[in-house]
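The values are calculated or read from the model by the stated rules, or taken from the named source; none is laboratory data. Nothing here was measured: the structure is a model prediction, and the numbers come from that model. Counting neighbours? That spans all protein chains shown, and the Cβs are built from the backbone with ideal geometry, glycine included. The area values use the complete protein model at the heavy-atom level, side chains included, leaving out ligands, DNA and RNA. Shrake-Rupley method; radii C 1.70, N 1.55, O 1.52, S 1.80 Å.
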Amino acid sequence: MPIRMSQIGFLPGGPKRAILPDPAPAPIPWRLLDRAGAPVASGMSGPAIDDAASGETVHVIDFSTASATGDGFVLEAGGARSRPFAIAPNLFGRLPFDALNIFYQSRASTPIEARYAGGDAWARPAGHAPDRAACISGRDADGNVWGGCPYTLDASRGWYDAGDHGKYLVNGGIAVWTLLNLWERAHSLGRPAPFPDGSARLPEAGNGVDDLLDEARWEVEFMLAMQVPAGTHLRLPVGETRSRPGLRFTEIDASGMAHHKIADARWTALPTPPQDDRETRLLYPPSTGATLNLAAVAAQCARIWRTIDAAFSARCLDAARRAYAAAKRNPEIHSIAAFTGSGGYGDDDFSDEFFWAAAELYATTGEPSYGEDLRASRWFAAPIAEPEWRHTATLGAMTLALAPDRLPPPDRAALRGRIVAAADRFLGEEQQSGYRIPFAGTDYVWGSNAVLLNRAMLMALADDFTGEARYRAGVFDVMDYLLGRNPLDRSFISGYGARPMANPHHRFWAHSLDPRLPPPPPGLVSGGPNSVSLRADAVGAALAGHCAPQMCWRDDIRAFSMNEVAINWNAPLVWVSTWLAEPPPTPLASRARQRIR
Ligand code: 9MR
């Protein structure tokens, strides 16, 4: 088994770490050889670490000081060797574009064209065009009878969530927010605009608007379309957090709320290209969580598009205000209808979504009422954790930490300090991790790779705010793990590295089940090892109990608990890889960073 390291190589001047599994207790000598086999650097590994996450005894080899560049390098240690690798600039030049293109290829309601998708293999006719549906009604699995709603909605556009064709406001929200935050971060810190107009492969390239915003707008338009029309009264189970027989339904004014999802009435078989999906599409009842996701994203949209498309911005702001008011009127409507055919994205605590939405509305409008709400929230001064679809307070904190002039300087400095403190905690966890990743635990959750990417995003911001190099090294540690520095010796990113993930759980990129269908396009990140809930699928069920946490993964299309892909996982990949590809700030700009903190 070769020495584990990033399978795309290293940047000159960047951190260079590799992992050698070896039971020897003492440090082990290593040598870096050039393509002619001549040693160009040497040293000793760190001490042995007994690593529960990988189930191995490992040694960290740090050859960051090696200054040679080129390709064909080989690392040698303890009788093991690496594959030949490069030390070269521009390693991350293509990844951000590929990772963003995944969103284009996940678009609903439009044909995916070969010239944008990178080849004929990935072209397909439009799926769900239009995506119009009525509300789900009738008896669910617990015998509760849902009343439906008196309209249908055209919820076209948006991105398919993952391997399935559901489109969910909770999850759509964090995914599109993350892409938009990447744009706002660059704007607010005076860094180069990521994906300027014409840089990406998109139908909208050349329209005068940054391509990143064009892609994001496809999702925002869908989210806006999911808002409940004014004057709508619905009977919903208020305050109930779980399905059970005998739910009590109460009539509420649902105007301005957002439907939780639009999805298939039954799970479709694998594979099913979107254009072949014949299932009935259904709108699910509105939820407070979906409504707050809409409020937050629409508020973010309103400030970003203010000078780009004033009419769209105004539409977004109106939707955001109405959604926020609707959520305050109906703060306890959970997504609990017990029907099959799509994912749950249920949440029994909306306090973080309320904080997030208030933060976005305050950043956009500066209106005192939103400011009061966010200050009254327990999340305003809480420690920062990596965001995820169910825990969104950090998204609000990131917005406020970046918004140039909304919070008084001491409050903004405190928020930035909490982001830096989170990054410090993650770096502390690296010290206890065999593979030197910013996660010391042994519970690898569904989508564990995105947990790491979201931690990397916070470490990147800590670098932005402080200019201290150790945070940048932490970001590389995450990317290197995803690109092959892991006990599986696999790259979790399709198209990248010697042994990339190739069989995601996906209904169209399903080559392993049907040779006429394509493999995944490059730049798609697998959900990653799942040691907690892998029994959900047959592949995981067979593995459960027999895998160290980081080994609970298979490159198998059926393994949806481990090898699904999803928009909320690819979005931080876009964010982090774009950040890594950015030219480092000039020394002058670094000093300015010290001041903004
Ligand atoms: O990302 C979700 C994960 O946190 C949950 O544990 C899991 C099971 O409920 O669901 C994941 O989300 C899936 C969604 O419900 C449906 N589309 C695919 C998503 C990724 O697997």
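Compute the accessible area per residue over the chain, keeping the other protein chains in place, probe 1.4 Å, unit Å². Could the numbers behind the result be given before it?
Details: 21200 Å² over 597 residues.
Result: 36 Å² of accessible area for each residue.
Find out how many positive minus negative residues lie around Ala175, taking Lys and Arg as positive, Asp and Glu as negative, among other residues whose Cβ is under 10 Å from that of Ala175. Working shown, then result.
Values: positive: none; negative: Asp161, Glu219.
My count for the surroundings of Ala175 gives -2.
Once you order the gyration tensor axes a ≥ b ≥ c over the Cα atoms, which shape class does the range 138-189 get: rounded for a/c under 1.5, otherwise prolate or oblate by comparing a/b with b/c? If you can, show how the numbers build up before the last one.
On the way: a/c = 3.00, a/b = 2.63, b/c = 1.14.
Because a/c hits 1.5 or more and a/b exceeds b/c, the range 138-189 counts as prolate.
Give the calculated FRET efficiency between Thr110 and Ala26 to the nearest 0.05, with a Förster radius of 45 Å applied to their Cβ-Cβ distance.
On the way: r = 60 Å, r/R0 = 1.33.
After rounding, the FRET efficiency stands at 0.15.
Please compute the modelled spin-label separation between Ala230 and Ser188, points set 7 Å along Cα→Cβ, answer in nm with one decimal.
3.2 nm
Can you list residues from other chains, or at least 5 along the same chain, whose modelled amide H is less than 5 Å from the amide H of Met44?
Trp30
Where the accessible area of the chain is counted over protein heavy atoms with a 1.4 Å probe, how much of it, in %, is carbon and sulfur? Mind dumping the intermediate values first?
Values: 11410 of 21200 Å².
Its accessible area is 54 percent carbon and sulfur atoms.
Distance in nm between label sites at Ala129 and Ala36, each 7 Å beyond Cα in the beta-carbon direction?
5.8 nm
With both bridge residues required to lie in the range 1-91, what share of the DSSP beta bridges run antiparallel, to the nearest 5%?
Details: 22 of 23 bridges.
For the range 1-91, the DSSP antiparallel bridge percentage is about 95.
Does anything in the range 509-550 have its amide N under 17 Å from the 7 Å Cα→Cβ label point of Asp120, and if so which residues?
515-519
Quick one: P(r) of the chain from all Cα-Cα pairs, 10 Å bins, percents rounded to integers, in order of increasing distance.
Result, from short to long distances: 3, 17, 27, 27, 17, 6, 2, 0 percent.
Across bins of 5 angstrom width beginning at 0, how are the C-alpha pair distances of the range 236-355 distributed, in whole percent?
2, 11, 18, 17, 16, 14, 12, 8, 2, 0, 0
Taking H as built 1.01 Å from N, whose amide H comes closer than 5 Å to the amide H of Gly72, not counting residues under 5 places away?
Sorted by chain and number, the residues that satisfy this are Phe85, Ala86.
Dipole size in debye (nearest 20) for the chain around its Cα centre, Lys and Arg Cβ +1, Asp and Glu Cβ -1?
Values: 58 positive and 65 negative charges, 91 e Å.
For the chain, the charge dipole is close to 440 debye.
By accessible area of protein heavy atoms, probe 1.4 Å, what ranking do Ser137, Ser351, Ser433 get, highest first? Walk me through the numbers on the way to the answer.
Values: Ser137 70, Ser351 35, Ser433 5 Å².
Output order, biggest surface exposure first: Ser137, Ser351, Ser433.
Roughly what % of DSSP beta bridges within the chain run antiparallel, to the nearest 5?
Working: 44 of 49 bridges.
Approximately 90 percent, going by the DSSP bridge assignments.
For the chain, what does the helix formula give at 222 nm: sum of -39500 (n - 2.57) over DSSP H segments with n ≥ 4, over the residue count, nearest 500 deg cm²/dmol? Please list the in-between numbers first.
Working: 16 runs with 213 residues, N = 597.
Calculated from helices alone, the mean residue ellipticity at 222 nm is -11500 deg cm²/dmol.
What ranking of Val238, Val451, Val478 comes out by heavy-atom accessible area, probe 1.4 Å, highest first?
Numbers: Val238 70, Val451 35, Val478 0 Å².
Highest to lowest solvent-accessible surface, that is Val238, Val451, Val478.
Let a ≥ b ≥ c be the square roots of the eigenvalues of the Cα gyration tensor of the range 375-428; is it rounded (a/c under 1.5), or, if not, prolate (a/b larger than b/c) or oblate? Mind showing how you got there, number by number?
On the way: a/c = 1.79, a/b = 1.26, b/c = 1.43.
It is oblate, given that a/c is not under 1.5 and a/b is not larger than b/c.
Starting from the Cα of Arg329, step 7 Å along the direction of its Cβ; do the same at Val238; then give the gap between the two resulting points in nm.
About 1.2 nm, to one decimal.
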